[in-house]
Every structure is written in structure tokens, then in C-alpha cells.
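This is the structure I have questions about; it appears just below.
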Amino acid sequence: MFIGEYQHTIDEKGRTAIPSKMRKELGSGAVITRGIDNCLWVFPKKEWTILAEKLSSLPLSDANSRAFSRLMLAGAMEVEFDSQGRALLPGYLRKYAGLNKQTIIAGLYTRLEIWDKQKWQIYKERTEKATSEIAKHMADLGV
């Protein structure tokens, strides 16, 4: 289970450290891909396989299914951790998420999200202001 919020930096080679507690859950490597809201999603390989199988079973005749599958699957890359616990974030994914030097790594139970620090702050402030509306919607979903 991934929870928490951690601040890290991206070095000149495009690597960022993954918190040690999270690396234990990820094992020797992970799959990183484009996420929703212009962040990156990082999955343990087991969770990635579950998601990829669901995506591959979506109907090819549906344009939204094709688009979401392309976003997730074509953008994905397996990553490994070096001896210091860093993962190389491919340039095309850093560009997609608008990652600069400062990042936030957020644990979201079955995945991690990697955000540009400034974008994360803006997102959090906007979300925190809308907690009542979000709570109502979550109640409608049964949460």
C-alpha cells in the first residue's frame, strides 16, 4: 500500500529518488506511464499487469477506449532503480507532466503519482477548496 507525500528533485540526468518505503513495495522495478491530470503514474509490475489486461479487453470499436489505452500503454516504460534508489524518468514523460527540478511523489494505495511541485500545490489548493462538493460526489458513489 502506498500512502504519503514526499518531495524529491530530478537530477541533471532525469533521475529521481523513490522513497525507500515505496521501493520495497515496488521491488526491483516498476512501470511508469502518463497519468491523468498531467502527472506520472508509477505501478508495481503486478498492478500494471492487472490494469494492462483490463485496458486490452476494452472494445477496439470505442474511440475513448482506444484513446485511453494509447495514453496508458504506448506511454508506458519499465524502470529499474539504481543503487541509490533512483529511477530514470524518460524525457517524453517528464515533458508530458511538465516536471521541473522539484517533484512530489504521492502514494495512492496501488500506485504512485509523480507531480511537478508547483502543479501539485495548485492542484491541492483547488481540491481543498472543493472538499464539500467532492464529498457529496463521493457519497453518490457510495464512499
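Taking only the alpha-carbon atoms of the stretch 44-104, what semi-axes of the equivalent ellipsoid follow from 5 times the gyration tensor eigenvalues under a square root, in whole Å, largest first?
For the stretch 44-104, the semi-axes come out at 27, 16, 8 Å.
Of the trypsin sites (Lys or Arg not before Pro) in the stretch 1-78, which ones lie in a loop per DSSP and count no more than 10 other C-beta atoms within 10 Å? Provide the component values of the computation, followed by the final result.
On the way: sites: LYS13, ARG15, LYS21, ARG23, LYS24, ARG34, LYS45, LYS46, LYS54, ARG66, ARG70; in loops: LYS13.
For trypsin sites (Lys or Arg not before Pro) across the stretch 1-78 that sit outside H, G, I, E and B with at most 10 neighbouring Cβ atoms in 10 Å, the list reads LYS13.
According to a simple spin-label model (label point 7 Å from Cα along Cα-to-Cβ), what is the distance in nm between GLU5 and THR110?
2.4
Net charge within 11 Å of ASN38 by Cβ-Cβ distance, Lys/Arg positive one each and Asp/Glu negative one each, not counting ASN38 itself?
Details: positive: ARG34, LYS95, LYS119; negative: ASP37, GLU113, ASP116.
Combined, the nearby Lys, Arg, Asp and Glu give 0.
Given H placed on each backbone N at 1.01 Å, which residues far from GLY35 in sequence or on other chains put an amide H within less than 5 Å of it?
LEU40, TRP41
Debye sum, Cα scatterers, the stretch 66-134, no solvent: what log₁₀ I/I(0) at q = 0.13, 0.14, 0.19, 0.23 1/Å?
So the normalised log intensities work out to -0.51, -0.58, -0.99, -1.22.
Full extension from LYS45 to SER61: what is 0.36 nm times the residue separation minus their Cα-Cα distance, to one decimal in nm?
Values: separation 16, 0.36 × 16 = 5.76 nm, distance 2.78 nm.
Once the chain is fully extended between LYS45 and SER61, it gains 3.0 nm.
Give me the net charge for the shell around ARG94: Cβ to Cβ below 15 angstrom, other residues only, Lys and Arg +1, Asp and Glu -1.
Charge balance near ARG94 sits at +4.
Next up: Which FRET efficiency value, to the nearest 0.05, do you get for GLU25 and GLU128 by plugging their Cβ-Cβ distance into 1/(1 + (r/R0)^6) with R0 = 30 Å? Provide the component values of the computation, followed by the final result.
Values: r = 27 Å, r/R0 = 0.90.
E(calc), rounded to 0.05, equals 0.65.
A further question on this structure: What number comes out for the charge environment of LYS119, summing +1 per Lys or Arg and -1 per Asp or Glu over other residues with Cβ under 12 Å away? Show your work: numbers first, answer last.
Numbers: positive: LYS117, LYS124, ARG126; negative: ASP37, GLU113, ASP116, GLU125.
Local net charge: -1.
Moving on to the next point. Apply the Karplus parameterisation 6.51 cos²θ - 1.76 cosθ + 1.60, with θ equal to phi minus 60°, to every residue of the stretch 11-27 and state each ³J(HN,Hα) to the nearest whole Hz, in sequence, with x for glycine and proline.
Rounded to whole hertz, the list is 7, 5, 8, x, 9, 9, 7, 9, x, 4, 4, 6, 4, 4, 6, 7, x.
Something else about it: With all protein chains present, calculate the accessible area of ASP116 using a 1.4 Å probe and round the result to the nearest 10 Å².
Near enough 10 Å² of accessible area.
Additional query: Give me the tail of P(r) for the stretch 4-99 as a percent: Cα-Cα pairs with distance above 20 Å. Mind dumping the intermediate values first?
Working: 1781 of 4560 pairs.
For the stretch 4-99, the share of Cα pairs beyond 20 Å comes to 39 percent.
In debye, nearest 20: dipole of the chain around its Cα centre with unit charges on the Cβ of K, R (+) and D, E (-)?
220
Right, next: List the aspartates and glutamates whose Cα lies under 14 Å from the Cα of LYS117, skipping any in the same chain that are fewer than 8 positions away.
Result set, ordered by chain and number: GLU5, ASP37, GLU125.
Any of LYS54/LYS124; LYS95/LYS119; LYS21/LYS45; LYS45/LYS101 with alpha carbons more than 19 Å apart? Name them for me. Numbers along the way, then the final one.
Details: LYS54/LYS124 29 Å; LYS95/LYS119 13 Å; LYS21/LYS45 16 Å; LYS45/LYS101 26 Å.
Among LYS54/LYS124; LYS95/LYS119; LYS21/LYS45; LYS45/LYS101, the Cα-Cα distance tops 19 Å for LYS54/LYS124; LYS45/LYS101.
The values are calculated or read from the model by the stated rules, or taken from the named source; none is laboratory data. Since the structure is predicted, the reported quantities are computational estimates derived from the model, not experimental observations. Cβ atoms come from the backbone with ideal geometry, glycine included; neighbour counts cover every protein chain shown. Note: accessible area is taken over every heavy atom of the protein model, side chains too, but ligands, DNA and RNA are not part of it. Shrake-Rupley method; radii C 1.70, N 1.55, O 1.52, S 1.80 Å.
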